[in-house]
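The values are calculated or read from the model by the stated rules, or taken from the named source; none is laboratory data. In this text, all values refer to a predicted model and were calculated from it rather than measured experimentally. Note: ideal-geometry Cβ built from the backbone for every residue, glycine included; neighbour counts use all protein chains shown. Accessible surface is based on the protein model in full, side chains and every heavy atom, while ligands, DNA and RNA are left aside. Shrake-Rupley method; radii C 1.70, N 1.55, O 1.52, S 1.80 Å.
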Amino acid sequence: MEPSLARVDYLQVGVTAQKTMRLLPASGKKATQKVVVGDQDGVITCFGIKKGEAVPVFKTLPGPKISRLELGGALNTPQEKIFVAIGSDVRGFTKRGKQFLSFETNLTESIKAMYISGADLFLCASYIYNHYCDCKDQHYFLSGDKINDVLCLPVDKVNCITPVLACQDRVLRVLQGSNLLYEVEVPGPPTVLALSNGNGGDSGEEIVYGTSDGKLGLTQITGTKAIPRWEIGNEKKRGGILCIDSFDILGDGVKELLVGRDDGMIEIYNFESADDPVLRHDYALSESIASIQGGCVGKDGYDEILAATYSGWLTGLTTEPVHREGGSGEELKLSQEMQSKISSLRNELEQLQIKVLQEREKYQQSSQSSTAVSSVPAFSVNDKFTLNKDDASYSLILEVQTAIDNVLVQSDAPLDLLDVDKNSAVVSFSSCDSEPNSNFLLATYRCQANTTRLELKVRSIEGQYGTLQAYVTPRIQPKTCQVHQYQIKPLSLHQRTHSIDQDRPMNTLMLKGQFSFAEIHSWVVFCLPEVPEKTPAGECITFYFQNTFLGTQLETTYRKGEGYFKSDNISTISILKDVLSKEATKRKINLKISYDVNEESVRHTLKLIHPKLEYQQLLAKKVHLIDALRELQVHEGNVDFLLPKYRSILEEADQLLEEYKRQPAHLERLYGMITDLFIDKFKFKGTNVKSKVPLLLEILDGCDQDGLIAFFDAA
């Protein structure tokens, strides 16, 4: 049965962070629950719903922003104490709003993640995990990469404290005390953790994770190893997962999985086929879902899903029917309750309009006086710049608490702007003068009214690096703008991976010199994405990467005084050699550079590129034929006389044009990569072959793999 859910907007608070809204336990079986939410103005708001109106229970004074909100209490009792993380402190409140705890932790950074189990408090800053029991320090762990979330398996089921950290390097770290028990590899950077079924399942060992690239999975955390149970990919290319809850919204006696994503999508997964969940229902809001909970909020006996969005809206999807059916032939009439609600909203709107006019006049008068002081209105921007593995492009997501007027995008590195289906903004390009100012991209996105979220896609060229800048201007007066910067790295299309194929033919670059571990680590951070900025613990570190565009790979191993870089793509080694020697020269460090080039690797890379090249050339040829074939169709009226391959081009014309439009300059990129591969192969031999590039381009137009390999061998 498809769930019938109606949307209800209850209340708006300030901007909210991830996992800062919870439902307090109900007093009776189907009684309504109170909602508690913390915002970035530092205000905790607790309210209930009576006759469709939000009735406050308590509200704290503004202060530093709240980064997490959790419920706690003694084990096996209702969890109705409210705990919030503010900076590096934890504060506790009763359900009536009385503060009973103010705990100053020994963390030097702000708390990013928090979990509470009985008297145990688990806190994480960017890289540091701390466990406290009754506010006394128990355990400490330094993670190899940023920590995004933390939870602990239920102590009453597993009989020991087992914390699990969700880390940015695509790993779940399972701890025992202050030590790492083992690591669990997951398919993307995990952003959120939740106990399966709300209690860890029958064994208490099952946890659900969501990743920043939209994947969902369940794994069982045993005492010695992890057992993966199921995994759901992101086939529909939806946003990253920010929050997860378990609740029986369908009323079938089995808890569904509720998922909130950063593109505003709410999803309900049902476990009808025993093990693997099935997507049963989804609902789109216009902004990211920061928190999600299932419960009874609006009316006794009617369950609903409550979501807190980035801009602070608390929105319910309720099972309560919105319209009451009238008798046969009768018109549906609005209930007395609904009419009075509409009337009060109209009055409130009129009062707000009068207040806005008064404040605007006051501002105009004060701005024209001789003692006027200009004030810039502050606004929050939630931004995310991530590499998509599927199409080797970067997604830039900008979300503002108020409507966006326009966004200006500028880059000093060559970038292609790609089409985004969800994007309704009008884009206009300005001509750029790339020579004196290194200005390669200048584009303006003009947004439609009430657009608070904008998604852009760009594709970079490896070896050409710089900064992408986004100037965000919201629809507020006086006009103000925020600039956000994003680094385009030399090896920008590489993504971290857990392992690589060691049987491929590899080229090796070796560096030796008087540099520290921290210095060479900072160079690797400068060159490659997804490397933690903090210098790793220990004396030596190895990272693995995969090129999302070509599928080539890279292994980096380095320590104080030496570094080894292995790749099956000679162009990757060439880029690293140029950038690393440049960085070392800046710091006046002498490098001894040596390399070992494997001739077979060039053929191997060409074989990886060739299927993509063939496909893109065929696509380009088909697209160029479409206009002529359509003209022929108009003149002749019938295309039965055409060969089947030409008829199929006409039938698939719209899809072909859409695909070609979605990937501009794709063919040129592949030509550029093969040209770079050709130049780099001979550069390591000390030969300049730039004069032979026109001949190479002629061979590429012919698209003959054997001829191409022969040309590389003979040149």
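Observations on the structure shown:
- Residue within region 689-706 that is free of Cβ contacts under 8 Å to residues at least 24 places away in the same chain, open to solvent by less than 80 Å² (accessible area, probe 1.4 Å) and among the β-branched types (Val, Ile, Thr) present: yes
- Filtered residue count, region 462-492, keeping only those that are open to solvent by 40 Å² or more (accessible area, probe 1.4 Å) and closer than 24 Å to Lys661 by Cα: 1
- From the options Thr572, Thr542, Thr548, Thr535, residue that is under 19 Å from Tyr465 (Cα atoms), of a type in the set (Ser, Thr, Tyr) and surrounded by fewer than 22 Cβ atoms within 10 Å (Cβ to Cβ): Thr548
- None of Ile674, Ile709 is within 42 Å of the chain's Cα centre (by Cα), in a helix (DSSP H, G or I) and within 28 Å of Leu418 (Cα to Cα) except Ile674.
- Subset tally (residues that are open to solvent by 30 Å² or more (accessible area, probe 1.4 Å), within 19 Å of Glu70 (Cα to Cα) and touching a residue at least 24 places away in the same chain (Cβ under 8 Å)) for region 120-147: 1
- Residues being in the same structural domain as Tyr182 (by the TED database), aliphatic (A, V, I, L, M) and open to solvent by 50 Å² or more (accessible area, probe 1.4 Å) - total across region 210-262: 1
- Within region 579-588, the set of residues being touching a residue at least 24 places away in the same chain (Cβ under 8 Å) and surrounded by fewer than 16 Cβ atoms within 10 Å (Cβ to Cβ) comprises just one member, Arg587.
- Residue match in region 635-644 (condition: open to solvent by less than 70 Å² (accessible area, probe 1.4 Å) and under 30 Å from Cys527 (Cβ atoms)): no
- Residue in region 481-500 that is free of Cβ contacts under 8 Å to residues at least 24 places away in the same chain and in contact with a Gly (Cβ under 9 Å, 6 or more places away or on another chain) present: yes
- Yes/no for Tyr564 being over 24 Å from Ile461 (Cα atoms) and either not in a helix (DSSP H, G or I) or not assigned by the TED database to the domain that holds Tyr394 (or both): no
- Tallying residues that are touching a residue at least 12 places away in the same chain (Cβ under 8 Å) and out of contact with any Leu (no Cβ under 7 Å at 6 or more places or on another chain) within region 653-662 yields 3.
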